[in-house]
Each structure stands twice: as C-alpha cells, then as structure tokens.
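The values are calculated or read from the model by the stated rules, or taken from the named source; none is laboratory data. Source: prediction; values computed, not measured. When we count neighbours, we look across all protein chains shown, and the Cβ atoms used for this are built from the backbone with ideal geometry, even at glycine.
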C-alpha cells in the first residue's frame, strides 16, 4: 500500500509504505505541526487538536517507556554483578543467590516485553 508519491517543490517525496516508513522522523510534536502546516492547517489549530486528542500524552508516555527500558537494562547489570559477588563469597545454592536469580529473570522478562513494544512496527493502523 502506497500512501503518497508526489512531487513537492521540485523534490520527489518518498513513497510511504511498510518498507520506507522508518525513513521519516518521528516522536516530536514539531514534526506533526510542520506536516499539517504544509497542508494549510495553522500551527495553533494543530497543537490544540493534538493536545485535545491525547497525542502529547502518548508521545510523552512513549519516551517514559523507552527510559524505563533503559533503566531495566541497568538493573539487569546490577543484578548480574550482585550475583557474581554473592557467588564469590557464598554459593550458587544460597538463598540470596537464588533470590537474585529470580529477580534477574523477572527483570529480563519485563524488559524484553517492553523492548518488543518499543521495537514494534510503525506500520500500524489501530482503531
């Protein structure tokens, strides 16, 4: 499915499809404002609509999820180091070590789920 294939100001605009979608900048209100301004929609109107429809919130939430994913990566490193220290001074069979393993596995699982959300396709049309 191609959404647009036009000539604008003497430069061919990329065809927007599943293969080219990642060539476009994303995740900033200013890109939406600029795009709509090119079609004659005043900046103030675009900003009001985006705010009213919750787009600002969702873009902020997306950044929070990305930051959470990075924070979980740091926690994984922390738990791996903690396990290394515990194993060195005690045993892989110690209660604390086994608890660290459980925490690490849970943290990795949550991070992988969040990562899959962050890396999902941009070519989506939710209702």
Test: residue 32 is farther than 21 Å from residue 116 by Cβ, outside the structural domain of residue 110 (by TED's automatic domain parsing) and surrounded by 13 or more Cβ atoms within 10 Å (Cβ to Cβ): yes
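Looking at residue 115, is it under 30 Å from residue 18 (Cβ atoms) and surrounded by 15 or more Cβ atoms within 10 Å (Cβ to Cβ)?
Values: under 30 Å from residue 18 (Cβ atoms): yes; surrounded by 15 or more Cβ atoms within 10 Å (Cβ to Cβ): yes.
In short, yes.
Criterion first (on the phi < 0 side of the Ramachandran plot, in a helix (DSSP H, G or I) and outside the structural domain of residue 16 (by TED's automatic domain parsing)) does residue 88 satisfy it? Quick ask: steps written out before the conclusion?
Working: on the phi < 0 side of the Ramachandran plot: yes; in a helix (DSSP H, G or I): yes; outside the structural domain of residue 16 (by TED's automatic domain parsing): yes.
Yes, satisfied.
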Which listed residue, of 77, 69, is under 30 Å from residue 102 (Cβ atoms), touching a helix residue (DSSP H, G or I) at 6+ places or on another chain (Cβ under 6 Å) and at pLDDT 95 or above: 69
Residue in the stretch 72-93 that is surrounded by 11 or more Cβ atoms within 10 Å (Cβ to Cβ) and under 30 Å from residue 18 (Cβ atoms) present: yes
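Quick check: is even one residue across the stretch 42-51 outside any helix (DSSP H, G or I), under 30 Å from residue 26 (Cα atoms) and out of contact with any helix residue (DSSP H, G or I) (no Cβ under 8 Å at 6 or more places or on another chain)?
First, pick out the residues of the stretch 42-51 that are outside any helix (DSSP H, G or I): 42.
Subsequent filtering for residues that are under 30 Å from residue 26 (Cα atoms) retains 42.
Still in the list and also out of contact with any helix residue (DSSP H, G or I) (no Cβ under 8 Å at 6 or more places or on another chain): 42.
Yes, that holds for at least one residue.
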Members of the stretch 102-127 that are more than 17 Å from residue 63 (Cα to Cα), part of a loop (DSSP other than H, G, I, E, B) and out of contact with any helix residue (DSSP H, G or I) (no Cβ under 8 Å at 6 or more places or on another chain): 124, 125, 126, 127
